[in-house]
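Worksheet: the structure to be examined is printed underneath.
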Amino acid sequence: MKKQPDDAALERYSQEHGRCLGVVARELRTEKGLTQYAVAKRAKVSLLWVQRLEDNQLNTNYSIGRLYQVACALGVELYELYKRADEMAGPAPWLCQKKIRKDNQSGTSD
């Protein structure tokens with residue numbers, strides 16, 4: 001039976017990934033010379049929602065639809081937004097543990 005990642009690790013990774021989504025949204029917005037207000041207007045979401053996304057202050061689970069709207073407003077595919085956030089956050093801890101175990105079994109180390 002596979003061991004599932006513990007809830008605390010999953011929560012920490014989820015928070016870090018959410019933080020990275022906000023950082024990426026801010027980076028893309030500033031690269032394009034847009035204000036938070038302009039992004040909110042283009043995405044048809046509130047200014048407060050964009051501010052909270054960028055500051056990692058969203059207290060509820062937000063829909064993929066809203067992130068899609070923001071990605072479109074920033075002129076990127078939703079995939080690009082997630083890809084950049086994934087690269088920034090790094091691999092999930094339970095994926096790293098599998099690699100470490102695999103390396104230890106084969107006798108290699110980094």
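Computed from the coordinates by the stated procedures, all read-outs in this text should not be read as laboratory data. Treat the numbers as computed from the prediction; the structure is a model and nothing was measured.
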Cα-based convex hull, the range 12-97, per residue volume (Å³, whole number): 83 Å³
In sequence order, calculated HN-Hα J values of the range 81-90 (Karplus, 6.51, -1.76, 1.60; Hz; x Gly/Pro): 4, 5, 4, 5, 5, 4, 5, 6, 6, x
Contour excess over end-to-end distance, with Cα ends at Gln51 and Glu31 and 0.36 nm allotted per residue: 5.5 nm
